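The values are calculated or read from the model by the stated rules, or taken from the named source; none is laboratory data. The structure displayed is predicted, hence computed values, not measured ones. Positions of Cβ are generated from backbone atoms using ideal geometry, with glycine treated the same way; all protein chains shown enter the neighbour counts.
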Amino acid sequence: MAGSALRRLMAEYKQLTLDPPDGIVAGPVSEDNFFEWEALIAGPEGTCFEGGVFPARLVFPPDYPLSPPKMKFTCEMFHPNIFADGRVCISILHAPGDDPMGYESSAERWSPVQSVEKILLSVVSMLAEPNDESGANVDAAIMWREKREEFNQIAKRLVRKTLGLPS
Amino acid sequence: MENEQNDNVNRDELIMQQQRDIEREISDTIPLVSEKLPVNCLNAEYIGDAVFTSKIEDLSAKYSHLRRTRPDGNCFFRAFAYAYLEHLISNKEDYDKFRQLGENSKDKLVQLGFPSFTLEDFHETFMEVVKRVDPSTSNPDILSEQLHKIFNDQGYSDYVVVYLRLLTSGKLQEEADFYQNFIEGNFTIEEFRHQEVEPMYKESDHIHIIALCSALGVGVRVEYMDRGEGGTVKAHDFPEGQTPKVFLIYRPGHYDILYPK
């Protein structure tokens, strides 16, 4: 089974390298292990995360793509849909029924025809448009809703931090 | 507050993970598809149960054997694929038609909007399995043995299941207006396909069966065996009026394969 997962991951890596979506770079951490990837995601333009480059890890299960990978930012993040430890909490990373946050029925879910690219594009949309109904980080959700200026200030600091600039 | 919230969610996830591990452990002890067993082996599960005992007797009058499938939510698709390919091993004409339909199905799914890139692996594996039971390559006994081996190799077996799920989803999309009538609740066809059809381990309902049978032009008879009155199993043909080539038994929550006498 791991054979087909490996073949699929290699094909996805090739595709992402030949035809990368704007603002996304992703690939295996090392050539020896295709089941762990690093991704760099540019903060979407026109949002408070613009200009930042945010690193994340993706870990794939042996039965990928039947089951989805897990994704975690490895830099400091402050966002309604990202846990304090960096874990990303969006519907496409979950199969239906496997549902810690009670996503809406219309939300996009994992299925074997989804891909790493689809996940990363969803993460870019999530950065641009947080879903403040999901409580991965309640403080961030409340601040996003009620004190947007303050939220933007924190985001700006995180952007500078990912670039290695003094905050 | 934030930490407490994270702890709670972590705990939920841990519990769900544990639940999944337990389910997985139980189901992994059952082969993906079993050897042929006499129909009356079902008695062992219903000792002293008059309703089921009489229904098993009724079933035994029409069917000699069954094959169990692993109860992992994929049982309908796995049972269907196994039973139909087994039929094709000794039916060259149906085989050739099915193989042609299989070859053409990928382009059709792409036209319906499935991403060609992620579809490819599943289609390729599906066709490889179909080719490995080609009646012109060997005798039926050897091919049946081959089929059994392939379906108990999780890599192949699961990919066949995925592809049938995609064909089912494609049919729902193609005739969305018709199938929308069968969907309960506030689901759109689109949501139903993505949530109840395409993901692995999601159980099948009538609508899945009807859509798959129509997509492939294959008749299926399902014998229903539950606590209902009457003392006999109840047969239902999909689509109605078509000669069944695949025979399944349904007990609440689960499908196995049947062999008529």
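Do we find a residue being aromatic (Phe, Trp, Tyr), more than 14 Å from chain B (Cβ to nearest Cβ) and in contact (Cβ under 8 Å) with a residue 60 or more places away in the chain anywhere in the range A:17-37?
Keep residues of the range A:17-37 that are aromatic (Phe, Trp, Tyr), which gives A:34-35, A:37.
From what is left, the residues that are more than 14 Å from chain B (Cβ to nearest Cβ) are A:34-35, A:37.
Then drop every residue that is not in contact (Cβ under 8 Å) with a residue 60 or more places away in the chain, which leaves A:37.
Within the range A:17-37, one or more residues are aromatic (Phe, Trp, Tyr), more than 14 Å from chain B (Cβ to nearest Cβ) and in contact (Cβ under 8 Å) with a residue 60 or more places away in the chain.
When residues in the range B:53-81 are screened for being more than 24 Å from B:Val130 (Cβ to Cβ) and either among the aromatic types (Phe, Trp, Tyr) or part of a loop (DSSP other than H, G, I, E, B) (or both), 2 of them pass.
Looking at the range A:45-52, can you tell me whether even one residue there is surrounded by fewer than 15 Cβ atoms within 10 Å (Cβ to Cβ) and away from chain B (no Cβ under 14 Å)? Give the steps one after another, and end with the answer.
Step one: filter the range A:45-52 for residues surrounded by fewer than 15 Cβ atoms within 10 Å (Cβ to Cβ), giving A:45-46.
When the remaining residues are screened for being away from chain B (no Cβ under 14 Å), the result is A:45-46.
Yes.
This table checks each residue for (1) modelled with pLDDT of 95 or more; (2) buried (at least 20 other Cβ atoms within 10 Å of the Cβ); (3) more than 15 Å from the chain's Cα centre (by Cα).
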| residue | (1), (2), (3) |
| --- | --- |
| A:Pro96 | no, yes, yes |
| A:Gly102 | no, no, yes |
| A:Ser111 | no, yes, yes |
| A:Val123 | yes, yes, no |
| A:Pro130 | no, yes, no |
| A:Arg145 | no, no, yes |
| A:Phe151 | yes, yes, yes |
| A:Ile154 | yes, no, yes |
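Does B:Leu147 fit the bill of being part of a helix (DSSP H, G or I), away from chain A (no Cβ under 14 Å), touching a residue at least 12 places away in the same chain (Cβ under 8 Å) and in contact with a Leu (Cβ under 7 Å, 6 or more places away or on another chain)? So B:Leu147 fits the description; yes.
Residues of the range B:218-242 that are basic (Lys, Arg) and over 17 Å from the mean Cα position of the chain (by Cα): B:Arg227, B:Lys234.
Within the range A:134-159, count every residue that is within 14 Å of chain B (Cβ to nearest Cβ) and out of contact with any helix residue (DSSP H, G or I) (no Cβ under 8 Å at 6 or more places or on another chain). Looking only at that region, the number is 2.
So, restricting to strands (runs of 3 or more DSSP E) that lie completely within the range A:17-67, which ones have at least 1 residues that are under 18 Å from A:Cys89 (Cα atoms)? Break it down into steps so the answer makes sense when it comes.
On the way: elements: A:24-30, A:33-42, A:53-59.
Passing ranges, in order: A:33-42, A:53-59.
Yes/no per residue for (1) touching a strand residue (DSSP E or B) at 6+ places or on another chain (Cβ under 9 Å); (2) polar (S, T, N, Q):
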residue	(1), (2)
A:Ser30	yes, yes
A:Trp37	yes, no
A:Gly46	no, no
A:Ala56	yes, no
A:Phe83	yes, no
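Suppose we filter B:Ile209, B:Ile189 for residues that are farther than 22 Å from B:Ser90 by Cα, within 14 Å of another protein chain (Cβ to nearest Cβ) and not hydroxyl-bearing (Ser, Thr, Tyr); which single one remains?
Values: B:Ile209 fails: within 14 Å of another protein chain (Cβ to nearest Cβ).
Checking each option against the conditions leaves just B:Ile189.
Against the condition within 12 Å of chain A (Cβ to nearest Cβ) and touching a strand residue (DSSP E or B) at 6+ places or on another chain (Cβ under 9 Å), how does B:Ser157 come out, does it pass? When the stated conditions are applied, B:Ser157 passes them. Pairing each residue of the range B:109-134 that is closer than 19 Å to B:Leu212 by Cα with any residue that is not in a helix (DSSP H, G or I), provided the two are 6+ apart or on different chains, yields C-beta distances under 9 Å for B:Phe114/A:Val113; B:Leu119/A:Val113; B:Phe122/A:Pro112; B:Phe122/A:Val113. Taking the criterion of being surrounded by fewer than 18 Cβ atoms within 10 Å (Cβ to Cβ) and part of a helix (DSSP H, G or I), the only residue of the range B:203-260 that qualifies is B:His206.
For the range A:66-90, filtered to residues that are in contact with an Asp or Glu (Cβ under 8 Å, 6 or more places away or on another chain) and surrounded by 21 or more Cβ atoms within 10 Å (Cβ to Cβ), the residue that is farthest from A:Gln153 (Cα to Cα) is A:Leu66.
Among residues of the range A:1-14 that are more than 10 Å from every other protein chain (Cβ to nearest Cβ), those with a beta-carbon under 9 Å from a residue that is part of a helix (DSSP H, G or I) and at pLDDT 90 or above at least six positions away or on a different chain give the pairs A:Leu9/A:Val116; A:Tyr13/A:Val116.
Note on the range B:82-107: residues that are assigned to a helix (DSSP H, G or I) and either surrounded by 15 or more Cβ atoms within 10 Å (Cβ to Cβ) or polar (S, T, N, Q) (or both) amount to 18.
What is the residue count in the range B:171-191 for residues that are surrounded by fewer than 23 Cβ atoms within 10 Å (Cβ to Cβ) and part of a helix (DSSP H, G or I)? Reasoning before the result, please.
Step one: filter the range B:171-191 for residues surrounded by fewer than 23 Cβ atoms within 10 Å (Cβ to Cβ), giving B:173-191.
Narrowing further to those that are part of a helix (DSSP H, G or I): B:173-174, B:176-180, B:189-191.
Residues that pass the stated criteria total 10.
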